[in-house]
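One structure is given below, encoded as structure tokens.
Bear in mind that the values in this text are calculations on the coordinates, not laboratory data. These numbers were taken from a predicted model, which means no experiment stands behind them. Cβ atoms come from the backbone with ideal geometry, glycine included; neighbour counts cover every protein chain shown.
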Amino acid sequence: MRYGIFSDVHSNLEALEAVLAALTGDGVEGYLSPGDLVGYGADPQACIHRVQGLGARVVCGNHDGAAIGRVDVSWFNPYARAAAVWTQGVLGPAEREYLGALPLSLVEGPATLVHGTLDRPGDFDYLFDVAEAAQTLECLRTPVCFVGHTHVPVVFLEEQGRIRVVVDRVVVIPPGARAIVNPGSVGQPRDGDPRAAYAVYDDRTRTVEFKRVAYDVRATQEKILKAGLPPILAARLGQGR
Ligand code: ZN
């Protein structure tokens, strides 16, 4: 089966639509999202409805939790906090219910989903290095784990007890090996490439393909400014930082 993997949409509807259009062309049969549907951007409701309509399997990110008052925003930077408070104010009961029902981790077919790390999903730690990858792999019971949170595409590949970082565009997971895969961010990339990031995983060939798609950044920026959200949240989209 071919899965479309998209994470950290962050209320960016233009980026989400571009990715979903591209995924249609990629021939995917299921959708998996490691969280943060909302936060930062100006279209939380539309993004929730769009992802709900896909029947995607989704886990709860820290910004999703913050949007319904479940995650303490005093640890957020001032811009993230302002966006979380703004999002709390625009969500209706149906959207709050959807976000509130998202699990911290889940297993779907060959894959496990979690926003941060599998050893402490509710702490929303960043998974940046091999030591952190090792702790998640200890808890992993499927061949592959999809994560988000850092907004940077990467694979941690565990083969014969060794873990290494792989950043190729196409990564084949050899038989017996396991992988933690971050598809990058749809709505707020932070790897210097402003295009929306996503991935396609084919469990028959055990292949992960990293993809990028351009979207109307200007339109998204204008919505963020018009909503009265911090201007830096618009500016950073143009730089992919
Ligand atoms: Zn995020």
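Odds and ends about this structure:
- Sorted by Cβ neighbour density within 10 Å, fewest at the top, the residues 97, 108: 97, 108
- Net charge, residue 159 excluded, C-beta distance under 15 Å - Lys, Arg +1, Asp, Glu -1: +2
- Extension gain (nm, one decimal) between residue 46 and residue 190, 0.36 nm per residue minus Cα-Cα: 49.5 nm
- Put a plus charge on the Cβ of each Lys and Arg, a minus charge on the Cβ of each Asp and Glu, and nothing anywhere else: the dipole of the chain about its Cα centre is then about 300 debye.
- The length gained on full extension between residue 207 and residue 54, counted as 0.36 nm times the residue separation minus their Cα-Cα distance, comes to 52.8 nm.
- At R0 = 35 Å, FRET efficiency that the Cβ-Cβ distance of residue 162 and residue 218 yields, to 0.05: 0.20
- Estimated FRET transfer efficiency when R0 is 45 angstrom, pair residue 130-residue 77 (beta carbons, to 0.05): 0.95
- A simple count of charges around residue 54, restricted to other residues whose Cβ falls under 15 Å of its Cβ and scoring Lys, Arg +1 and Asp, Glu -1, yields -1.
- In the stretch 1-87, the GluC sites (Glu not before Pro) that fall in loop regions by DSSP, at most 11 other Cβ within 10 Å: 29
- Residues 19, 170, 200, sorted so that the one with the fewest Cβ neighbours within 10 Å comes first: 170, 200, 19
- Entry note, the stretch 1-61: relative contact order of 43 percent, from Cα contacts under 8 Å with a spacing of 6+ residues.
- Residue exposure proxy: 126, 3, 198, 215, ordered by other Cβ atoms within 10 angstrom of their Cβ from fewest to most, comes out as 126, 215, 3, 198.
- For the chain, the 222 nm mean residue ellipticity estimated from helices alone, with every DSSP H stretch of n ≥ 4 adding -39500 (n - 2.57) and the total spread over all residues, rounds to -9500 deg cm²/dmol.
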